[in-house]
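Report on the structure given below.
Nothing in this text is a laboratory measurement; each read-out follows from the coordinates by a stated rule. Predicted model only: the values in this text are computed from it and were never measured.
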Amino acid sequence: MTVPIWPDELNQWMMAPDFSAAPSDARLKSPMDVGPGKSRRRVSAASAPVSGSLHCDQNQVARLLRFWHEDTAGGTLAFMFPDQLFDGAMLLTEAGEPLLTEADEQILLEGWWLVQFASEGPPAIRPIRRSTAHVANIQLNVLP
């Protein structure tokens, strides 16, 4: 079975004001009788939470719901999603200048995340003021 890929028909980038990503936190914190608590690593690999919003028209809403129900089996299967932090970023030299190919074209990074929809539920979709435009809020877990 192949891993589903985020559909090309949907926006590949979450809207910046709503985007949030945090590193994985696999610490186990234990209180002490006296003084500060101690912490240790609970597991060697933990998922990292990511959330954000996507602008969608009616066709994209239908495609998103179909992707949720069919391609990811109701959000239970992992899928490939564009790396929201580094995909499309320019590769830079140590001096901060763009690294170029022999044809003077910028070298761009390409990155993908293996993700799963978070357990909070399916994408939440809300219309934008009586129009055919919608905003879909999605919550993902980037898998290790």
Quiz prompt | Whole-Hz ³J(HN,Hα) from phi, Karplus 6.51 cos²θ - 1.76 cosθ + 1.60, for the stretch 94-108, glycine and proline x | solution = 4, 7, x, 9, x, 7, 10, 7, 4, 8, 6, 9, 5, 9, 9
Quiz prompt | Calculated from backbone phi, Karplus (6.51, -1.76, 1.60) coupling profile of the stretch 116-130 in Hz, x at Gly/Pro | solution = 9, 4, 5, 6, 5, x, x, x, 8, 10, 9, x, 9, 5, 6
Exercise. Would you please give the residues with an amide H less than 5 Å from that of Ile5, counting only those at least 5 places away or on a separate chain, with H modeled from the backbone geometry?
Key: Met80
Quiz prompt | Whole-Hz couplings from phi, Karplus 6.51/-1.76/1.60, listed for the stretch 54-61; x for Gly and Pro | solution = 10, 6, 9, 8, 4, 5, 5, 4
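For Cα pairs less than 8 Å apart in space and 6+ apart in sequence, what is the mean separation divided by the residue count of the chain, i.e. the relative contact order in percent? List each step's numbers first, then the result.
Numbers: 258 pairs, mean separation 39.5, N = 144.
Contact order relative to length: 27 percent.
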Self-check item: Asp83 long-range amide H proximity, modeled H, under 5 Å
Solution: Gly111, Trp112, Trp113
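Could you work out Rg/(2.2 N^0.38 Å) for the stretch 3-144, with Rg from alpha carbons only? Walk me through the intermediate numbers first.
Values: Rg = 19.2 Å, N = 142, 2.2 N^0.38 = 14.5 Å.
In units of the globular-protein estimate, the stretch 3-144 measures up at 1.33.
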